Amino acid sequence: MKNYPPELIKSLVKKKGGSLAKLAKRAGFHPTEVQGALYSPIYWGEQIIAEFLNIHPMIIWPDRYDKKGNPLHPYASAKNLKPFCPTCKEKRI
């Protein structure tokens, strides 16, 4: 499987009435952290986008996750990882 193209992700977010900048602001992140996830592994940016779209991030970016759904990110440590939870309303920091 291939990663979703960045333009597709942006259009899906827009179709649901959002924008990457709005998602970042709502989660308390700088917009570049969320936008950057379209092009390179940025764990929290991926989580924010995936939760908004209600699609597991390993579906959107299969080459960034192992078969169990664990991120392969070089800076994603186990203590910082939270399970995918599209209905969670907590601030992601």
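Brief remarks on what is shown
- Hz values of 3J(HN,Hα) by residue in segment 17-33 - Karplus curve (6.51, -1.76, 1.60), Gly and Pro given as x: x, x, 9, 4, 5, 5, 4, 5, 4, 5, 8, x, 10, 6, x, 5, 5
- Backbone amide hydrogens, once placed in the peptide plane, bring Y65 within less than 5 Å of L72, excluding anything fewer than 5 places away on its chain.
- K68 versus K22: modelled label distance in nm, points set 7 Å from Cα along the beta carbon direction: 3.7 nm
- The value obtained for segment 31-74, namely the Cα convex hull volume divided by the number of residues, is 63 Å³ per residue.
- Restricting segment 7-73 to trypsin sites (Lys or Arg not before Pro) in coil, as DSSP defines it, with at most 15 other Cβ within 10 Å: K16, K67, K68
- Electrostatic tally near I59: other residues with Cβ closer than 13 Å to its Cβ, Lys and Arg +1, Asp and Glu -1, net 0.
Bear in mind these aren't lab numbers, they're just calculated from the coordinates by the rules spelled out. Here the structure is a predicted model, which is why all the values come from computation and not from measurement. All Cβ positions, glycine included, derive from the backbone under ideal geometry; neighbour counts span all protein chains shown.
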